[in-house]
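Okay, so here's the structure we're looking at.
The values are calculated or read from the model by the stated rules, or taken from the named source; none is laboratory data. Everything numeric here is computed off the predicted structure, so don't read it as measured data. Heads up, the Cβs are rebuilt from the backbone with ideal geometry, glycines too, and the neighbour counts pull from every protein chain shown. When the accessible area is computed, the model is the full protein with side chains, heavy atoms only, and any ligands, DNA or RNA have been set aside. Shrake-Rupley method; radii C 1.70, N 1.55, O 1.52, S 1.80 Å.
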Amino acid sequence: MRYTAAIQKRTAGGIIQYALPSGYGGMTMASGIEAWLQKRGVSVEDVAEIVYSLQRPYNADLTITQCEESVRAVLAKREVQYVLYTGIALDELAERRLLPEPLQAIMETDESLYGVDETLALGITNVYGMIGLTSFGYLDKVKPGIIRQLNLKGERIHVFLDDLVAGLAAAASARIAHQDPKAVKYDLPSSD
């Protein structure tokens, strides 16, 4: 991954330089966030597989390509990009041990009562309506695919990212549900 932009912060210990993925400055924000997700081990295809598993029982004609398009449509929303940038940055700062205590310890142990990670993910979950909330709760409990891999404790910290990916998948799934041409349409009673 190449870096072309950086943020510098002066601290008592010196200057900390935080590099942004090259996509941040030259590409669209959507492709920049997609590149940053890839750097953290998450591909659009990984998320699309989860979306497919959520929506396939309700839409026999659904393709994985449609799921990928839906994930990218959610990633194109600025509010989603901001949530992802915030959560991923906090995970990376924790990996570098740059957070103040007790936040650093909370992040390193993935404290079960922290809950801020799930709360931040709700900023993505609801962009296509409340149906995303149901899917998010399911994904947070079951942790399928890449969500499970991110949740495993290892050398990297993914306190936020596993929940953000669940929120992304839930929103992309809700978007597909809302666009289903076979969904029942209800007429309102006339006002006569």
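Given Ala177, Val83, Leu120, which one lies farthest toward the positive end of the charge dipole of the range 40-192, if we put +1 on the Cβ of every Lys and Arg and -1 on the Cβ of every Asp and Glu?
Ala177
Give the residue list of chymotrypsin sites (Phe, Trp or Tyr not before Pro) in the range 107-184 that are DSSP loop and have at most 15 other beta-carbon atoms within 10 angstrom.
Those that pass, being in a loop and sparsely packed, are Tyr114.
Go through the range 41-125 and name the trypsin sites (Lys or Arg not before Pro) that are in a DSSP coil and have 15 or fewer other Cβ atoms within 10 Å of their Cβ.
Those satisfying the criteria are Arg96, Arg97.
Kirkwood Rh and Cα-based Rg: tell me the resulting Rg over Rh for the chain, rounded to two decimals.
Taking Rg over the Kirkwood Rh, I get 1.04.
Report in % the part of the accessible area of the range 107-192 that belongs to carbon and sulfur, leaving out ligands and nucleic acids; probe 1.4 Å.
So the carbon and sulfur contribution to the accessible surface is 57 percent.
Work out, step by step, the length gained on full extension between Glu95 and His178: first 0.36 nm times the residue separation, then minus their alpha carbon distance; give nm to one decimal.
26.1 nm
DSSP loop GluC sites (Glu not before Pro) in the range 53-131 with at most 11 other Cβ atoms within 10 Å of their Cβ, which ones?
none
Binning at 10 angstrom from zero up to the longest distance, how are the C-alpha pair distances of the range 31-124 distributed in percent?
Once binned at 10 Å, the Cα pair distances of the range 31-124 give 14, 38, 32, 13, 3, 0.
How many times 2.2 N^0.38 Å is the alpha carbon radius of gyration of the range 120-168?
The reported ratio for this selection is 1.11.
Would you list which lysines come within 17 Å of Lys153, measuring only between C-alpha atoms, while excluding same-chain residues fewer than 8 positions from it?
Lys141, Lys143
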